[in-house]
Each structure stands twice: as C-alpha cells, then as structure tokens.
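**Student:** Quick one: the structure is below, and I'll ask about it shortly.
The values are calculated or read from the model by the stated rules, or taken from the named source; none is laboratory data. The structure displayed is predicted, hence computed values, not measured ones. Cβ placement follows ideal geometry from the backbone for every residue including glycine, while neighbour counts extend to all protein chains displayed. To get the accessible areas, we keep the full protein, side chains included, count just its heavy atoms, and leave off ligands, DNA and RNA. Shrake-Rupley method; radii C 1.70, N 1.55, O 1.52, S 1.80 Å.
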Amino acid sequence: MRQFFVVVPALLMLAACGGGNPLKITRSPCPAAGTLQYASEVTLFSPETSRDANAIDVTAVITNVRATCAESAERLNSQLSFDVVAQRANASGAREVTLPYFAVVLRAGDQLLSKQLGSVTLRFDDGQLRTRTTGYARSDISRAAAALPENIARELARERKPGDADAAIDPLAAPEARSALKNASFELLVGFQLDDAALAYNVGK
C-alpha cells in the first residue's frame, strides 16, 4: 500500500430512526462511499517538472461521488460512480486528457481489502475551457463480514425511551461495541492515481 493512501475518517453509518422511536439506532451494512484525502484532485503542468502557477496546464477534481448497494443474503454489491470536472489553461484546439484513478475497499478504516485501477478520458472541444466525464468502481463484500455480533446488534437495536435509566447513555460508549462496529464497517473510496510529486503538490497546497 503506497504512502499516499491517507484515509478520511471511517463513516459509521449510524443515524437516529425517524418515526416512533427517536432513540433507536439503525445501521447500514453497505460500505460508505467517498474520496481519499489528497487524492481527489490532480494538477498537470507544462512543462511537467515545473510547479509554478503559470505552468498549470490542466486541473481536475473528483466530485459528486454516489453509490448504490444491492443487498442479498450473502453479499453486498456496491456500484459507485463519480464525476471528474476538469479545466485547462488554453482553450485552443480540441484535446483529450486521460487520467488514471483507483478505487479501494477498506475495512475498519485502515485494512486494505482490494484495489481497482481505471482511467477516465476528458475531451475538450476547440475553444472549450471546462469539461467533465464520469468514472465507475464497484465492491463486493461478504454480508457476514459486515454483520455485528448478535449481542452487540441487540444492544444497539434495543429501544430506548425517554425517561429510561440508560436513555442518555451512548450504546457505543462500551469499547467492545466500538470495536465491533469499526471491524464491521467498510468504505469504497476513489482517488486519482498520483505519483510522489503530484501527491506532494496536493499536500502542500
């Protein structure tokens, strides 16, 4: 795993239910979707070795990350799509720019389970400064791996009504509950495939 995989904090996918019991906790086993810190933007320079602002050629950013999750008895299949929005400095001439990207599946915030590689091609028409395209990734996770132990799941799902002795106690305060939830949490994250120089530029911005 290369050092540029600086991971955004894992999303716990916890929310209060609407409706009858405002204190009941629900959890989705599907992976959270997002981008990796410092890898959601890329800047191309001309000449390539320059890092001067006047040498910026093309900039691109990953945005509008969205995912759908198909749940079955045994698997959790997520399909992720995202937009790549790009801008170039010189609008003269038609041009294509291909940018490599990767998608990783992480467990518990820092365990790398898989990595996919892909690329998107951005097409600028003559006179056009901005353009966009769409990229895709997917994940396939065992439902059992994303399941909480039964005792933890029961405690988190237990109804807590206002006025109960433990109504104000966070059920995730117990270390074993936090650990189990973290281990059962997955993320599907996407970013540009950056070399060391491009990563250093992003970190330093």
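**Student:** Being within 14 Å of the chain's Cα centre (by Cα) and β-branched (Val, Ile, Thr) is true for just one of Val104, Val85. Which residue is that?
**Tutor:** Of the residues listed, the single one that is within 14 Å of the chain's Cα centre (by Cα) and β-branched (Val, Ile, Thr) is Val104.
**Student:** Here is a follow-up. Residue by residue through the range 183-198, note down the ones that are touching a strand residue (DSSP E or B) at 6+ places or on another chain (Cβ under 9 Å) and either part of a helix (DSSP H, G or I) or basic (Lys, Arg) (or both).
**Tutor:** Scanning the range 183-198 gives Asn183, Ala198.
**Student:** Also, quick follow-up: Restricting to the range 91-122, give me the number of residues that are of a type in the set (Gly, Ala, Ser), in a strand (DSSP E or B) and modelled with pLDDT under 95.
**Tutor:** Count: 1.
**Student:** Then there's this: Counting only residues that are loosely packed, with under 12 Cβ neighbours inside 10 Å and either among the hydroxyl-bearing types (Ser, Thr, Tyr) or closer than 22 Å to Cys69 by Cα (or both), how many does the range 126-139 have?
**Tutor:** Adding up the residues that qualify gives 1.
**Student:** Any chance the range 165-180 includes a residue that's modelled with pLDDT of 70 or more and in contact with a Lys or Arg (Cβ under 6 Å, 6 or more places away or on another chain)?
**Tutor:** Checked the range 165-180: no residue is modelled with pLDDT of 70 or more and in contact with a Lys or Arg (Cβ under 6 Å, 6 or more places away or on another chain).
**Student:** Give the number of residues within the range 26-62 that are open to solvent by 40 Å² or more (accessible area, probe 1.4 Å), of a type in the set (S, T, N, Q) and over 23 Å from the mean Cα position of the chain (by Cα).
**Tutor:** Residues that pass the stated criteria total 3.
**Student:** For Val65, all conditions in the list (1) surrounded by 14 or more Cβ atoms within 10 Å (Cβ to Cβ); (2) modelled with pLDDT of 95 or more; (3) over 17 Å from the mean Cα position of the chain (by Cα); (4) not small (Gly, Ala, Ser) hold save one; what is the number of the exception?
**Tutor:** The single condition Val65 does not satisfy is (3).
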